[in-house]
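Undergrad: Let me begin by handing over the structure; questions about it come next.
The values are calculated or read from the model by the stated rules, or taken from the named source; none is laboratory data. Please read these numbers as outputs of a predicted model, since none were measured by experiment. As a convention, Cβ positions derive from the backbone with ideal geometry for all residues, glycine included, and neighbour counts pool all protein chains shown. Protein only, heavy atoms only, side chains kept; ligands, DNA and RNA dropped before computing areas. Shrake-Rupley method; radii C 1.70, N 1.55, O 1.52, S 1.80 Å.
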Amino acid sequence: MKLATLRDGSRDGQLIVVSRDLTTAHLASSIAGRLQLLLDDWSFIAPQLNDLYQTLNEGRARHAFAFDPHQCMAPLPRAYQWADGSAYVNHVELVRRARGADMPESFWTDPLMYQGGSDDLLGPRDDIVCPREDFGIDFEAEVAVITDDVPMGTTPDEAVRHIRLLMLVNDVSLRNLIPAELAKGFGFFQSKPATAFSPVAVTPDELGDAWDGRRVHRPLLVHFNGTQVGAAEAGVDMVFDFAQLIAHLARTRNARAGSIVGSGTVSNKDASRGYSCIAEKRALEMIAGGKPATPFMSYGDTVRIEMFDASEASIFGAIEQKVAAPARRRG
């Protein structure tokens, strides 16, 4: 099943069911008006939505309309929780090595995770708005899952059953603000602005053999200003799978339905697969030549993030964003 949230002028939009080929959609308001309602009562509502999904795919939905990603908000426009891990430890190792920092052994056995802002999540075509270009604007291509209620103390084996939906992510970072923030010892805040998500969220069965219950085994394609710069394999070099990340999140607290858990920047040890964020490209340049050559993003720059199945059909639709300055303030 594929689901999206249609922009309607409200904070939370309207839930729609989207066809498998991402061409048509149907309002789900007669079943559930918002995605959060589905997550709160999955066992009752999901079968009804799935019936509508099958009808839509068969071309029998009476009130179907053309699906337009430009009209989409994030599948969850605001969420109870956005927790982003760093499951691809190769990414962390490269960035630390580039600045001459040691790599703690614990990073290979205990996941890194931060709690991001979840009150204002961006749609797939929303601009990346940043007050200043010199903040070091960077994209980060990731995969994320949405959970139902996860009880405190859930094990990784138990966590598998709590994964309801998957999405793609652009976890925007302001790299030049990060060092000073981390030096305070309290983690990211201003350096992590609003995060963007793919047009649709999909149930795990939509991935077929590409989903093993814990990881997605497909390349994640990244285009920067129209040029492909990354095709990292999401199922390779993921040291901590989604089940482990969820268990880490719920070790000392409950995680409620509608919690979004991110993979962190998808990164492979095989550098020929390209990069999923500029910081990693700059780190490789630092290691090789002593200084970075690739600049961070500027106003007008674009990024596109997408994943295709084995038949080259888009699974989640594309995140496609442009960097923009804030609108001029009145007065």
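Undergrad: When Ala61 is evaluated against the numbered criteria (1) at pLDDT below 95; (2) surrounded by fewer than 18 Cβ atoms within 10 Å (Cβ to Cβ), which criterion, by number, is the only one it fails?
TA: Here Ala61 clears every test but (2).
Undergrad: So Asp68 fits all but one of (1) open to solvent by 20 Å² or more (accessible area, probe 1.4 Å); (2) free of Cβ contacts under 8 Å to residues at least 60 places away in the same chain; (3) more than 23 Å from the chain's Cα centre (by Cα); (4) farther than 30 Å from Asn254 by Cβ; what number is the exception?
TA: Checking Asp68 against (1) open to solvent by 20 Å² or more (accessible area, probe 1.4 Å); (2) free of Cβ contacts under 8 Å to residues at least 60 places away in the same chain; (3) more than 23 Å from the chain's Cα centre (by Cα); (4) farther than 30 Å from Asn254 by Cβ, the one that fails is (3).
Undergrad: For region 25-57, name all the residues that are charged (D, E, K, R), loosely packed, with under 14 Cβ neighbours inside 10 Å and not in a helix (DSSP H, G or I). Working first, answer last.
TA: So in region 25-57, the residues charged (D, E, K, R) come out as 34, 40-41, 51.
Remaining after also requiring loosely packed, with under 14 Cβ neighbours inside 10 Å: 41, 51.
Of everything in region 25-57, just one residue is charged (D, E, K, R), loosely packed, with under 14 Cβ neighbours inside 10 Å and not in a helix (DSSP H, G or I), namely Asp41.
Undergrad: Starting from region 122-142, take each residue that is in contact (Cβ under 8 Å) with a residue 60 or more places away in the chain and list its partners that are of a type in the set (Lys, Arg) and part of a loop (DSSP other than H, G, I, E, B), counting only C-beta distances under 9 angstrom and pairs at least six apart or across chains.
TA: Gly123/Arg7
Undergrad: Given the residues Arg11, Arg20, which is the only one that is in contact with a Pro (Cβ under 9 Å, 6 or more places away or on another chain) and surrounded by fewer than 23 Cβ atoms within 10 Å (Cβ to Cβ)? Can you show your working first?
TA: On the way: Arg20 fails: in contact with a Pro (Cβ under 9 Å, 6 or more places away or on another chain).
Of Arg11, Arg20, the one residue that is in contact with a Pro (Cβ under 9 Å, 6 or more places away or on another chain) and surrounded by fewer than 23 Cβ atoms within 10 Å (Cβ to Cβ) is Arg11.
Undergrad: Quick one: is Ala232 open to solvent by less than 10 Å² (accessible area, probe 1.4 Å), in contact with a Pro (Cβ under 7 Å, 6 or more places away or on another chain) and either outside any helix (DSSP H, G or I) or of a type outside the set (Phe, Trp, Tyr) (or both)? If you could, list the steps in order and put the result at the bottom.
TA: Details: open to solvent by less than 10 Å² (accessible area, probe 1.4 Å): yes; in contact with a Pro (Cβ under 7 Å, 6 or more places away or on another chain): yes; either outside any helix (DSSP H, G or I) or of a type outside the set (Phe, Trp, Tyr) (or both): yes.
Answer is yes for this residue.
Undergrad: Among the residues in region 302-312, are any open to solvent by less than 10 Å² (accessible area, probe 1.4 Å), touching a residue at least 24 places away in the same chain (Cβ under 8 Å), under 18 Å from the mean Cα position of the chain (by Cα) and within 30 Å of Asp40 (Cβ to Cβ)?
TA: Yes, because at least one residue in region 302-312 is open to solvent by less than 10 Å² (accessible area, probe 1.4 Å), touching a residue at least 24 places away in the same chain (Cβ under 8 Å), under 18 Å from the mean Cα position of the chain (by Cα) and within 30 Å of Asp40 (Cβ to Cβ).
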